[in-house]
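Structure, as C-alpha cells:
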Amino acid sequence: MWNISKQSREMALSHAQLESVLLERTAELQILSQRLLKVQDEERRKLARDLHDSTGQTLAALKISVSFLQENCKKDGNTMAIVADVAQLADRAIEEIRTMSYLLHPPLLDEVGFNCAAEWYVEGFAKRSGIHVLLDLTAPAERMPMRIEIALFRVLQESLTNVHRHAAAAQVTVSFRPQPDTVVLEIHDFGRGIAADRLLRLRETSAETGVGLAGMRERLYELDGELEIESAGNGTTLRATVPLPRTTHPVRLDDGEAELFARPPHDQERNTAARASNSD
C-alpha cells in the first residue's frame with residue numbers, strides 16, 4: 001500500500017513538472033513568434049524603403065533618359081515607336097514598384113493612421129481582385145498606438161487575401177468601430193462559407209490553421225486582443241477586438257519613418273488632395 005501511494009505521489013509530481021515545462025515552452029514559443037512578427041514588420045519597412053529609394057529612383061532616371069531619346073528621335077518614326085514602348089514599360093515598372101513598396105508598408109499608416117491606410121488598401125484590393133468592398137470606417141477619437149494600428153492593418157490584409165483566395169465572394173464588407181475601451185475590426189464576405197468541421201479546426205490553435213491565421217492570432221494575443229471566426233450559409237465573418245490602453249500618447253515617428261516616402265501612389269494622390277481640400 002505504501003509503495004502504491006509513493007508511486008502515485010511520484011507520478012503526480014512528474015505530471016506537474018511536465019505541465020510546468022510545457023507551459024514554459026509554450027510561453028517561449030509565443031515570445032519567439034511575436035519577435036518574428038516584429039522582425040518581419042521591420043524587414044517589410046526596410047524593403048519598402050529600399051524599393052522606393054533605390055529601384056524606384058533608378059527607374060525614374062531611366063524615364064528621364066527615355067524622355068531625352070524621345071526628343072532626339074522625332075524624325076525617325078520607327079525609332080520613336082520603340083522608344084515610346086520603352087517609356088510605357090518604364091511607367092508600368094515604376095507603378096508596380098510603388099504599389100509593391102506601399103503594400104509592404106504603407107506610409108499612410110505612419111503618417112495619418114489606420115483608417116486612411118485601410119481606405120487606400122481596400123481601394124487597391126478592389127481594383128486588383130474585382131471584389132466589391134463596402135467600407136464603414138469610424139475615426140477614433142485620437143490616434144491609436146502604432147503597434148495596434150500595424151496589427152489591425154496586417155489583419156485586414158490577411159483577411160482580404162483569404163477572401164480572394166478561398167471565399168469565392170463577389171462582395172465584402174469591412175467595418176471598423178472604435179469604442180471607449182476597445183476597437184473592433186470586422187470583415188464579412190458574402191461567399192460560400194466554411195464547413196463546420198473545418199471551422200472548428202480553424203478556431204483551434206493548431207498547425208492546420210495556416211500561417212496567416214496563426215500570425216493574426218499572435219499579433220492580437222500580444223495586444224491582449226481576440227480573434228473570432230463565424231461562418232454560415234451567407235459567408236464568413238472575421239472579427240478582431242483589441243483593448244485600448246487607458247491613456248494614449250501622440251505617436252512620434254523616427255526620422256527614417258517620417259521620410260519613408262515622398263508621396264502616396266498616383267491613384268491615391270487625388271483622393272488625398274481632395275480630402276485635404278475638403279478639410280480646409
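The values are calculated or read from the model by the stated rules, or taken from the named source; none is laboratory data. This one's a predicted model, so the numbers in the text were calculated from it and none came from an experiment. Glycine also receives a Cβ, built like all others from the backbone with ideal geometry; neighbour counts cover every protein chain displayed. Side chains are part of the model used for accessible areas, which takes the heavy atoms of the whole protein and leaves out ligands, DNA and RNA. Shrake-Rupley method; radii C 1.70, N 1.55, O 1.52, S 1.80 Å.
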Among Val184, Phe153, Ala141, pick out the residue whose Cα is farthest towards the positive end of the charge dipole of the range 131-189, where Lys and Arg carry +1 and Asp and Glu carry -1 on C-beta, about the Cα centre. Phe153
Magnitude of the Cβ-charge dipole of the range 73-119, K/R +1 and D/E -1, about the Cα centre, nearest 20 debye? 280 debye
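How would you classify the range 125-222 from its alpha-carbon gyration tensor, with a ≥ b ≥ c the square roots of the eigenvalues: rounded for a/c under 1.5, else prolate if a/b is greater than b/c, otherwise oblate? Please report the intermediate quantities before stating the final value.
Values: a/c = 1.96, a/b = 1.21, b/c = 1.62.
It comes out oblate by the Cα gyration axes.
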Note down the net charge around Arg177, summing +1 for each Lys or Arg and -1 for each Asp or Glu among other residues with Cβ under 9 Å from its Cβ. -2
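Going highest first, how would you order 83-96, 161-174, 181-194 by mean Cβ packing within 10 Å? Numbers along the way, then the final one.
Numbers: 83-96: 14.5, 161-174: 17.1, 181-194: 18.9.
Highest-to-lowest ranking by the protection proxy: 181-194, 161-174, 83-96.
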Cα-centred dipole magnitude for the range 20-128, charges only on beta-carbon of K, R (+1) and D, E (-1), debye, nearest 20: 140 debye
How much of Met144 can a 1.4 Å solvent probe reach, expressed as accessible area in Å² and rounded to 10? 10 Å²
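Suppose R0 equals 51 Å; then what is the FRET efficiency for His132 and Ser8 from their Cβ-Cβ distance, rounded to the nearest 0.05?
Calculated transfer efficiency: 0.20.
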Give me the percent of accessible area attributable to carbon and sulfur for the range 74-114, probe 1.4 angstrom. 59 percent
